[in-house]
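J.: To start, I am sharing the structure in question, which I have written as structure tokens.
The values are calculated or read from the model by the stated rules, or taken from the named source; none is laboratory data. Since the structure is predicted, the reported quantities are computational estimates derived from the model, not experimental observations. Neighbour counts are summed over all protein chains in view; Cβ atoms, including those assigned to glycine, are modelled from backbone coordinates with ideal geometry.
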Amino acid sequence: MKNRYIIPILIGAGIAFVFHSCGSTIPKKATAIRNFDKTKYLGKWYEIARLDYKWEKNLNNVTADYSLNGDSTIKVDNKGYNVKKGKWEESVGKAKFVEEDTVGMLKVSFFGPFYSGYNVIATDTEYKYALVAGESLKYMWILSRETNIPESVKTDFLMKAREIGYNTSELIWVKHDQAN
């Protein structure tokens, strides 16, 4: 009798895992920007700072290039120089909007059906600088169209990040000393 419940429980757990993996979340105190202009956001960005995690471990000279795919998703092409291995690494994925494409809340995937939150929570009016929150307080990026960022923008972004709950003292400040 008990064995007949095992398969439905396993199937239910698997479905729950897939829905959880495909979902997109945002930290409690963060808000994705409204009136997001995806056209202005496309193009090359330099990673200025990040909270380190295993997929970007030991990377400097990190860039992200966003372009439109034919199916209205966004191609994400991330590159960085692994200082430990002495070589360039690249990861290509896709991003989808969670709501309308005028809300900076996206989910990004580099591994098939598994998505993670990518939330644009601040930009300047010209889309030269962006603050991006991941799905939790473990993930955050400061991006710029150039390899540096004005001190005033940096200060504003760090203040906003701390208000959300990020530990900004753990940020990795990315070096840009090699062209890719």
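J.: Filtering the range 104-123 down to residues that are in contact (Cβ under 8 Å) with a residue 24 or more places away in the chain and in a loop (DSSP other than H, G, I, E, B), which residue is surrounded by the fewest Cβ atoms within 10 Å (Cβ to Cβ)?
T.: The extreme case among them is 113.
J.: Moving to a separate point now. Identify all residues within the range 81-96 that are among the charged types (D, E, K, R) and over 20 Å from the mean Cα position of the chain (by Cα); write none if there are none.
T.: 84, 85, 87
J.: With 126, 135 as the choices, which residue is out of contact with any Pro (no Cβ under 7 Å at 6 or more places or on another chain), loosely packed, with under 15 Cβ neighbours inside 10 Å and outside any strand (DSSP E or B)?
T.: 126
Residue-by-condition table, conditions (1) modelled with pLDDT under 95; (2) under 22 Å from residue 51 (Cα atoms):
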| site | (1), (2) |
| --- | --- |
| 72 | yes, no |
| 75 | no, no |
| 100 | yes, no |
| 112 | yes, no |
| 115 | yes, yes |
| 120 | no, yes |
| 124 | no, yes |
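J.: Select from the range 23-64 the residues that are surrounded by fewer than 19 Cβ atoms within 10 Å (Cβ to Cβ) and on the phi > 0 side of the Ramachandran plot and list them in ascending order.
T.: 35, 43, 58
J.: Name the single residue that is nearest to residue 138 (Cα to Cα) among those in the range 157-180 being of a type in the set (Gly, Ala, Ser) and in a loop (DSSP other than H, G, I, E, B).
T.: The extreme case among them is 165.
J.: Limited to the range 65-92, what total is found for residues that are out of contact with any Gly (no Cβ under 6 Å at 6 or more places or on another chain), closer than 15 Å to residue 132 by Cβ and buried (at least 19 other Cβ atoms within 10 Å of the Cβ)?
T.: 2
J.: Looking at the range 48-69, which of the residues that are under 19 Å from residue 94 (Cβ atoms) and either among the acidic types (Asp, Glu) or within 16 Å of the chain's Cα centre (by Cα) (or both) is modelled with the lowest pLDDT?
T.: 55
J.: Quick one: how many residues across the range 138-180 are among the hydrophobic types (A, V, I, L, M, F, W, C), exposed (fewer than 13 other Cβ atoms within 10 Å of the Cβ) and within 22 Å of residue 117 (Cα to Cα)?
T.: 2
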